[in-house]
Amino acid sequence: MTPASTLLIELTRCGIELQPHGDQLRYRPRSAMTPDLIEQVTAHKADLLTALAADRDQLRPKTTAGEWRTYHLTLARRWERKARMCNRQHPKAAAEWRWWANRHRSLAAIEFPSGD
């Protein structure tokens, strides 16, 4: 096990979330970081950035355009159903739910390039 992976495990145990942002590392909560941990993160910054980038690429789901469209159409139907159920009692809420339904329909209509 590399020192960077050991450090990632230790940070996770402490409840610290480490995120790559370009060539910098961000962590939260800041109050949980001790001076010793900050020193270790600084010393292994390059290895941590590499490890976190590799994890992000492996964990990112490959979503096809068809799955994306199905997801948004399903949400549109759900919002429309909610709007119909409460139209008389809560017209303002129903209008907002209809807006969300239309938003998801428009997202479903967008042609996305395939993630392959």
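The values are calculated or read from the model by the stated rules, or taken from the named source; none is laboratory data. This one's a predicted model, so the numbers in the text were calculated from it and none came from an experiment. Cβ sites come from the backbone with ideal geometry, for glycine too, and all protein chains shown count toward neighbours.
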Item to complete: Keeping to the range 1-26, report how many residues are buried (at least 16 other Cβ atoms within 10 Å of the Cβ) and either assigned to a strand (DSSP E or B) or touching a residue at least 60 places away in the same chain (Cβ under 8 Å) (or both).
Response: 3
Discussion item. Given (1) at pLDDT 85 or above; (2) under 30 Å from Ala108 (Cα atoms); (3) more than 20 Å from the chain's Cα centre (by Cα), identify the lone condition not met by Met33.
Written reply: (2)
